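Notes follow the structure.
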Amino acid sequence: MAVRKTYKVRVRGKVRNKILRRGGVAAGVAAGLLVSVWLFNSAVKGSGRFIENRLLFRPEAFEVSSAPAEALAAIKEKVSAAVGKPLTAGRAAELAAEIRRQHPGLASVRVSRNFFTGKAAVTAEPEEAVAPVLLNGATAYLGVTGRFMPETLSGPAAAGFVTEVRWPAREAPALAAFLREIGPLVPLFYSRPRLLECPGRDWACRFSLEDGSTVLWGGFEFTRLKILRLNEVAQDAALKKTAPFRVDMRYFKEGKIFVSSVK
C-alpha cells in the first residue's frame, strides 16, 4: 500500500507581504467609508436642525420703528402675542397684513427677522393724507395715492375747503393729485372756495365760492391758469353787476368759458 506524502504550502515572504498590504488597504478603505458615512449622517442631522431652526424662528422680542404714535401702542400689543412663537416668512407676511388691516392709514408694513440677534422688527410707514373728505356722507381721508382711508396717521391735512364725493369710489388718484396741487393756490381765488362737490363717476367737480358763485371746474389740468381766468371773469361780472354768477370751465381746454347769472 502506497503512502501519500503531505506537502506543506509555503508562501514566499515577498508574496506574503504583498497580501498583507492589500488587506491593510482594504481595511483602511472600509474604515474610511464608515467614517464618511458617519460624518455624512452628522452633517445631514446638523443641516436638518439648522433648517428647522430657520423655519421655526421664534423671536425673543419685536422692535417697532417708524410707526406713527397713534398706531404704536396697538402694533406693539399685536406683535407681543407673537413673541416666542414660530415666525416663518409666510407668518411674517401675514402679520404685516393683519397690522395693515387694523390700521388702514398705514402705507406699508414690513416684518423682518434677524437670525443673529433672535429678534424681529416691524417697520410701519403712514400714508400721507391730502385732505379730509365726505365720502357718501361719512368722513374719510384721501391719501396721496388716491386711497380713501377711515383714518389718518400722518397728521392733520386740509385743502382749505370741504370736499364732498358722492360716489362709492374705492380710490381717486386724480382727485388726490388735484387737491394737493390746489391747496397752496387757494389764496389766489378772488373769492375763497368753501365747497368742492364731485358727484359722479366722471369727476365733474363743482366749486361753490363764498360770494355765492359756482364754478363747474371740468378737468384737473391747467389749475393755476383756470384760477387766474376765473378772476378775470369775476372782474367783468362785477363791472356788469351780474355777481354772483355761474361759470362753466369744462371746455377750458378748447378755449371756451361759459358765464351766466345765478338764478
Would you mind calculating the gained length between residue 192 and residue 260 on full extension (0.36 nm times residue separation, minus the Cα-Cα distance), in nm to one decimal? 22.5 nm
At 0.36 nm per residue, and after removing the present C-alpha to C-alpha distance, how many nm does the segment from residue 125 to residue 97 gain when stretched out fully? 8.8 nm
Total charge of the residues flanking residue 259 in space, meaning their Cβ is under 12 Å from its Cβ, with Lys and Arg +1 and Asp and Glu -1, is +1
What net charge is computed for the residues neighbouring residue 101, neighbours being all others with C-beta under 13 Å from the C-beta of residue 101, Lys and Arg scored +1, Asp and Glu -1? -1
Could you give the length gained by full extension between residue 145 and residue 58, i.e. 0.36 nm per residue of separation minus their alpha carbon distance, to one decimal place? 27.8 nm
Cβ-Cβ FRET estimate between residue 228 and residue 166, R0 fixed at 25 Å, reported to 0.05: 0.30
Sequence of 203, 217 once ranked by neighbouring C-beta atoms within 10 Å, starting from the fewest: 203, 217
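Since every read-out is calculated from the coordinates, none of them should be taken as a lab result. Predicted, not measured: the structure shown is a model, and the values here were computed from it. Note that we place each Cβ from the backbone using ideal geometry, even for glycine, and neighbour counts take in every protein chain shown.
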